[in-house]
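This report concerns only the one structure given below.
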Amino acid sequence: MTNKRFLMFAVLVGLFSVVAMLYAAKGTGTGEPAQPPAERVNGKRLVCIGFVDTRQSYLKLFPDNFPQPSKALNVLVKTGEEVKAGQSLLTMDKEHAEMLVAQATTALELAKVDLVKAEAGLKVFDASMNAAKFELQAREEDLKNRKAEFEDTRRLLDLQQKSKAEYEAALASIQSAERMIDSARWKQEAVRLQSPQPTIDSAKLGVKHKEQQLAQAKLALKYLDCKAPSDGVILRSFVHDGITFGPHTREPAFWFLPKQALIVRIEISQEFSSRVKMGMIAIIEDEEDPSVKWKGKVTFVANEFLPKRPTNAQELLTMTDERVLECHVEVDPAEQMPKFGQKLRVTLEE
């Protein structure tokens, strides 16, 4: 009986030990593995968690005309592919945009024809103005002559060499000539009011307006593309042939990483920030496999404390007031660089 009790007691102790080990492995009982601290002081060492990144983080690429509606006919690149600056990543459906350019081109040509017509009317106007001017001059000259004749008639009437009827006829001739001058002046004013200059100005504005519409149509056609902003690599593709983009599109076409040197980005809390210096030696280990190591040094220490960069969706949705000092660690060029996004443990030697 004693042996059975001893055996049962041993089994219970063993079960309790297993449960205790499992609980410790799971951390606080939240179901998540226990996470290492962001920093840990170990003698004269500072241990941090970092991620492989670039100084300029990856970009989310949409078609250049986004959020205007557009359709991708063909995807020209794939995930992991290296691309050059200005390289087209998608073949876009440009048929409608090309039709708008053609329409704007035709409208501009018609506006130019209207301008030619208006400018031709200016020549007719100049000829009419010259005719009215010469007519007025002729009428004024005629009046001058008739006044001279009237003076002769009056002088001869005093000498009784002209009759009263001839005198009155000469006077009536002067009055008629004056009315003809008034008529010529009114005719000249009527021609002036028919100036085609407002029509010409309107035609010129019409041409300018159509030129702007054509430029707008060409710009819309130009932006109907998706190009690499610089040399780099396609981190991930979210598109397929025939996909349509629009105002409600949420996912980009691509995640794009510009071509630049990789760094290890670490964030230091204010408590330990005074211990970080430029040039500090860094021992870098893979978070999951400590046997994989690199050597490096601190090449950048920020001058300000900023909010932590979110590393996952949960952190992105969680509001925090924590401010950290961002630092960059560069891996020794002689060693093979870890991969972008890789989680690392960085030990800084003081």
Once Rh for the range 232-350 is found with the Kirkwood sum over Cα pairs, what is the Stokes-Einstein diffusion coefficient at 25 °C and 0.890 mPa s, in µm²/s?
146
Give me the percent of accessible area attributable to carbon and sulfur for the range 199-298, probe 1.4 angstrom.
54
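Averaging sequence separations of C-alpha pairs under 8 Å and six or more residues apart, then dividing by the length of the range 237-350, give the relative contact order as a whole percent.
Rounded, it is 33 percent for the range 237-350.
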Straight distance only, please: which aspartates and glutamates reach the Cα of Lys259 with their own Cα at less than 17 Å, same-chain residues fewer than 8 apart left out?
Asp53, Glu81, Glu82, Asp231, Glu330
Solvent-accessible area per residue, Å², over the range 134-185 with all protein chains present [probe radius 1.4 Å]
71
Going by Cα centres, the range 223-252 and the range 70-134 are how many Å apart?
28
Which links in Lys117/Lys218; Lys117/Lys210; Lys123/Lys204; Lys84/Lys343; Lys147/Lys187; Lys297/Lys343 stretch past 19 Å when you go from one Cα to the other?
Lys117/Lys218; Lys84/Lys343; Lys147/Lys187
State in Å² the accessible area per residue of the range 64-133; use a 1.4 Å probe, count heavy atoms of protein chains only, and round to the nearest integer.
63
Whole-number accessible area per residue in Å² for the range 264-308, which is evaluated in the context of all protein chains at 1.4 Å:
58
List the residues whose amide H sits under 5 Å from the amide H of Lys162, counting only those 5 or more places along or on another chain, with H placed 1.01 Å from N in the peptide plane.
Leu157
For the range 104-246, what's the relative contact order in percent, using C-alpha pairs closer than 8 Å and at least 6 residues apart?
41
Output the relative contact order of the range 62-178, whole-number percent, from Cα pairs under 8 angstrom with separation of 6+ residues.
16
Phi-derived 3J(HN,Hα) across the range 209-226 with the Karplus relation (6.51, -1.76, 1.60, θ = phi - 60°), rounded Hz, x for Gly and Pro, is 4, 5, 5, 5, 5, 5, 4, 5, 5, 5, 5, 4, 5, 4, 7, 7, 7, 9
Convert each backbone phi in the range 159-172 into a coupling constant with the Karplus relation 6.51 cos²θ - 1.76 cosθ + 1.60 (shift: θ = phi - 60°), then list the ³J(HN,Hα) values in order as whole Hz, x for Gly and Pro.
8, 6, 9, 10, 7, 4, 5, 5, 5, 5, 5, 5, 5, 5
Using a 1.4 angstrom probe and counting only protein chains, how large is the accessible area of Tyr58 in Å², to 10?
80
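The values are calculated or read from the model by the stated rules, or taken from the named source; none is laboratory data. Everything quoted here is computed from the prediction, not taken from an experiment. The accessibility values were calculated without ligands, DNA or RNA, using every heavy atom of the protein model including side chains. Shrake-Rupley method; radii C 1.70, N 1.55, O 1.52, S 1.80 Å.
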